[in-house]
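**Q** Please find one structure pasted underneath; my questions will follow.
The values are calculated or read from the model by the stated rules, or taken from the named source; none is laboratory data. In this text, all values refer to a predicted model and were calculated from it rather than measured experimentally. Here Cβ is always computed from backbone atoms with ideal geometry, including for glycine, and neighbour counts include all displayed protein chains. Surface areas here come from the heavy atoms of the whole protein model, side chains and all, with no ligands, DNA or RNA. Shrake-Rupley method; radii C 1.70, N 1.55, O 1.52, S 1.80 Å.
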Amino acid sequence: MDYGFSGYYRQHPSIPPTLSQILERWTGEPKKTVFLLINKYGLPNDASLTKITWFNNGPWKRTIVHQHTVLHNSPTPHLDYLEQTIDYRVPVQYFDDLARFDGSLYPDRTAGEASAKCDQEAANFMALNLMDDIVTGKRTVEDSRRAAEEIEKAFRLKGQYSPYTQGFLFPKQFHTADPDVASF
């Protein structure tokens, strides 16, 4: 499905020719999402044949739209391709819990980042907010999975957005990298 955006990319004066050429090869939801993000955050900072990237866009440290999608069935079947990253120090003892909560949630200890990968920005906000709830002891993994199901059901089926899907419910973190300790 084309979504009618291909003409926009070729004709819109703000879309550089190189980006336009890349996007002509893209299809489906990832292409639509790139268009939506350009409207929201402006032109991306980097583009390749397989991914388009923004840095420091809105509340995000990094946003990547991947051309290739991955099926993710929880809490409902959808395609993962929109990866969004924040600075966040996840204590190592929570890595297993977070993997049990959401397989598309990626803590990076060394960089001091946490990324969520879904098909909508609202779902990424939700995943990272629930991650914070787990790390801070507000919710268990099981409670977070139930909450994700209810929150996503409301916004995907009824168009009802929760505070969990509209922004971060925790303060921005700084100096989150953990380069570890040199052993030699």
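**Q** So residue 169 passes all but one of these: (1) within 20 Å of residue 110 (Cβ to Cβ); (2) touching a residue at least 40 places away in the same chain (Cβ under 8 Å); (3) open to solvent by 20 Å² or more (accessible area, probe 1.4 Å). Which condition number does it fail?
**A** Result: residue 169 passes all but (1).
**Q** For the structure I just gave you, tell me whether residue 99 is outside any helix (DSSP H, G or I), over 20 Å from residue 58 (Cα atoms) and either without any contact (Cβ under 8 Å) to a residue 40 or more places away in the chain or within 15 Å of the chain's Cα centre (by Cα) (or both).
**A** no
**Q** For the stretch 13-31, name all the residues that are under 20 Å from residue 70 (Cβ atoms) and either open to solvent by 50 Å² or more (accessible area, probe 1.4 Å) or outside any helix (DSSP H, G or I) (or both).
**A** 25, 26, 27, 29
**Q** Tally up the residues in the stretch 72-90 that are open to solvent by less than 40 Å² (accessible area, probe 1.4 Å) and either closer than 20 Å to residue 175 by Cβ or of a type in the set (A, V, I, L, M) (or both), please.
**A** Number of matching residues: 5.
**Q** Quick one: would you say residue 159 is under 26 Å from residue 41 (Cα atoms), of a type outside the set (A, V, I, L, M) and open to solvent by less than 30 Å² (accessible area, probe 1.4 Å)?
**A** no
**Q** Specify which of the listed residues (38, 64, 52) is surrounded by 15 or more Cβ atoms within 10 Å (Cβ to Cβ) and touching a Pro at 6+ places or on another chain (Cβ under 6 Å).
**A** Exactly one residue qualifies, and that residue is 52.
**Q** Another question, then. Among what's in the stretch 130-156 and is open to solvent by 60 Å² or more (accessible area, probe 1.4 Å), part of a helix (DSSP H, G or I) and touching a residue at least 24 places away in the same chain (Cβ under 8 Å), pick the residue that is farthest from residue 74 (Cα to Cα).
**A** If we take residues in the stretch 130-156 being open to solvent by 60 Å² or more (accessible area, probe 1.4 Å), part of a helix (DSSP H, G or I) and touching a residue at least 24 places away in the same chain (Cβ under 8 Å), then 156 is farthest from residue 74 (Cα to Cα).
**Q** Restricting to the stretch 47-63, and then to whatever is part of a strand (DSSP E or B) and in contact with a Phe, Trp or Tyr (Cβ under 7 Å, 6 or more places away or on another chain), can you tell me which residue is farthest from residue 34 (Cα to Cα)?
**A** 62
**Q** Please specify each residue of the stretch 96-108 satisfying the condition of being of a type in the set (A, V, I, L, M, F, W, C) and open to solvent by 60 Å² or more (accessible area, probe 1.4 Å).
**A** 99
**Q** Something else: Quick check on this structure: which one of 111, 122 is open to solvent by 10 Å² or more (accessible area, probe 1.4 Å), under 27 Å from residue 52 (Cβ atoms) and part of a helix (DSSP H, G or I)?
**A** 122
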